[in-house]
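Student: First the structure, then my questions, so here it is.
The values are calculated or read from the model by the stated rules, or taken from the named source; none is laboratory data. Every value quoted in this text rests on a predicted model; they were computed, and no experiment measured them. Ideal geometry is used to build each Cβ from the backbone, glycine not excepted, and the neighbour counts take in all protein chains shown. SASA here: full protein model, heavy atoms, side chains in, ligands and nucleic acids out. Shrake-Rupley method; radii C 1.70, N 1.55, O 1.52, S 1.80 Å.
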Amino acid sequence: MEAVVIERERFPREKLCGEFISPECGRHFEEFGVAEAIAEAGARRLTETRFFSISGREAAIPCEWLGGEALGLSRARMDKILLGAARSAGAEVMEQAQAVVVGVEDGAVRKIEVNDGGVQRTIEGDLFVDATGRSAVLSKLIGRRNGSGETKKSPAAYLGFKTHLRGTKLAPGRCEMYLFRGGYAGLSHVEDGRANLCFLIDTGTARQHGASGEQIMREAIMANPRASNVLRDVVAEERWLTVAVERFGKRVPPQASNLISIGDAASFIDPFTGSGMLMAFQSSALLAECLLDPDGDLRARYEIEHRAAFGRRLLAAGTLRRAAMNPRLASAAIASVFQFRSFRRVFARLTR
């Protein structure tokens, strides 16, 4: 079976991401044959995540509850390694190429027209996988062709920001989460002595701070006492990346029988769970398992398995997001139920 990977950017490239690689991802790295390369790329070992409320309360979740140590590594390095593994496995990789038209006949995708650096190419196939993240490019192209509501853009409820910092007072081996009015932020070490700060904030609060990543960090995030201490002397090493977030949870499946979505294109889980990359790997593995069983309707079977695997954790994450966005409720939770080890274990497992 021949495989073609179409990538819009040229690698390596930075991407807005918490860059927290959950312990469960280690098994997938082993299967891909990239575990050693990930370690050699400078991945930092992370042993716990600590949550800090705006009132100063804190609660810890050890990574061992999730199966071992987590890793901190920039998406620029991790994605380059994974793309190299795809090439080594025999896939044709097209970088700086963009899908512009999806050809559908009798309810199935027959071809994709691609702008490959100014040259038009036609990619034909039996199975197409939308792994384009929250943008869900292939699904939207079909929706545009059919005139469906999938192409209508909803107002962004949240904005996400990310940059790499130097000069933090973050302890080695720790990921820290800071709750603040209108959002939450995550900070963890990555390679080369840097730390990744990534945060989600509601659009109304973001506008009050000029929708500037630096200004929001200084004025909103650092209103959290712990964040103020850890981030006081930091310097942003690169420009702030920003994305609009319209919604979380499961997306409507693509309108084509042989187009299957994985990762964020299929469902987007709240970043504070630290399981975004894990869900990308798990949904890919789930599709591979379905492909190995040729009987029945592939897409129907995949959708059933996807709901069974991820439905509960998406629901739990949505409930927890609403609590995290309410500073008083979050502080009360950390001061009370989060002090119980058993509840923190349940919290960790619900998002997995």
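Student: Using a Gaussian network model of the chain whose springs link C-alpha atoms within less than 10 Å, name the residue from D295, D116, D264 with the highest mean-square fluctuation.
Tutor: Top of the fluctuation ranking is D295.
Student: Name the long-range amide H neighbours of S261: under 5 Å, sequence gap of 5 or more, or other chain; modelled H, no Pro or chain starts.
Tutor: For S261, whose amide H was placed from the backbone, the distant partners under 5 Å are D130.
Student: Next question, about the same structure. Under a crude label model (7 Å from the Cα following the beta-carbon direction), how far is S212 from R345 in nanometres?
Tutor: For the pair S212/R345, the computed spacing is 4.7 nm.
Student: I would also like to ask the following. Hey, if you drop one equal point scatterer on each alpha-carbon of segment 267-343 and run the Debye formula without solvent, what base-10 log of I(q)/I(0) do you get at q = 0.18, 0.21, 0.26 Å⁻¹?
Tutor: After summing over all Cα pairs, the log10 values are -0.80, -0.95, -1.19.
Student: Counting only DSSP beta bridges with both residues in the chain, what percent are antiparallel, rounded to the nearest 5? All intermediate terms of the calculation are to be shown ahead of the outcome.
Tutor: On the way: 53 of 64 bridges.
Of all bridge pairs located within the chain, approximately 85 percent are antiparallel.
Student: Right, next: Where Rh is the Kirkwood radius over the Cα pairs of segment 69-187, the temperature 25 °C and the viscosity 0.890 mPa s, what D in µm²/s does Stokes-Einstein return? Intermediate values should be presented prior to the final figure.
Tutor: On the way: Rh = 18.4 Å.
Diffusion coefficient, whole number: 133 µm²/s.
Student: Summing +1 for each Lys or Arg and -1 for each Asp or Glu, what net charge is found among the other residues whose Cβ lies under 12 Å from the Cβ of A288? Mind showing how you got there, number by number?
Tutor: Values: positive: none; negative: E31, E289, D293, E305.
Overall, the nearby charge balance is -4.
Student: List residues of segment 162-187, by number, whose backbone nitrogen lies under 13 Å from a label position 7 Å along Cα→C-beta of A60.
Tutor: 171-176, by backbone N distance to the label point.
Student: With the contact rule set at Cα under 8 Å and sequence spacing of 6 or more, what percent relative contact order holds for the chain? Write down the numbers at each step before the final one.
Tutor: Working: 659 pairs, mean separation 74.6, N = 352.
Computed over the chain, the figure is 21 percent.
Student: How large is the direction-averaged shadow of the alpha-carbon convex hull of the chain, in nm²?
Tutor: Here the figure is 17.5 nm², rounded to one decimal.
Student: Taking amide H positions as placed 1.01 Å from N in the peptide plane, with prolines and chain starts having none, which residues 5 or more places from V190, or on another chain, fall under 5 Å of its amide H?
Tutor: A195, N196
Student: Efficiency by 1/(1 + (r/R0)^6): what FRET value for A308 and E9, r their Cβ-Cβ distance, R0 = 41 Å, to the nearest 0.05? Walk me through the numbers on the way to the answer.
Tutor: Numbers: r = 33 Å, r/R0 = 0.81.
For R0 = 41 Å, the calculated efficiency reads 0.80.
Student: Expected output is a single nm value to one decimal: the length gained when fully extending between S336 and E105, i.e. 0.36 nm times separation in residues minus the C-alpha distance. What is it?
Tutor: Gain in length upon complete extension: 77.5 nm.
Student: Please report, in cubic angstrom per residue, the volume enclosed by the convex hull of the alpha-carbon atoms of segment 78-147.
Tutor: On the way: hull volume 7.2 nm³, N = 70.
So the per-residue hull volume is 103 Å³.
Student: Would you please give the FRET efficiency between R322 and E2, computed as 1/(1 + (r/R0)^6) with r the Cβ-Cβ distance and R0 = 51 Å, to the nearest 0.05?
Tutor: Details: r = 45 Å, r/R0 = 0.89.
Using R0 = 51 Å, I get an efficiency of 0.65.
Student: What figure, in Å² to the nearest 10, do you get for the accessible area of L329 with a 1.4 Å probe and non-protein molecules left out?
Tutor: Approximately 90 Å² for this residue.
Student: Send over the per residue convex hull volume for segment 1-75, Cα only, as a whole number of Å³.
Tutor: Here the figure is 138 Å³ per residue.
Student: Now for a separate question. Simple spin-label model, 7 Å along Cα-to-Cβ: L127 to E113 in nm?
Tutor: Result: 2.7 nm between the two label points.
Student: Alpha carbon centre of segment 1-72 versus segment 80-113: separation in Å?
Tutor: That distance is 25 Å.
Student: Mind checking the log10 I(q)/I(0) for segment 148-222 at q = 0.11, 0.19, 0.20, 0.26 Å⁻¹? Debye, one equal scatterer per Cα, no solvent, two decimals.
Tutor: Values returned for q = 0.11, 0.19, 0.20, 0.26 Å⁻¹ are -0.33, -0.78, -0.83, -1.18.
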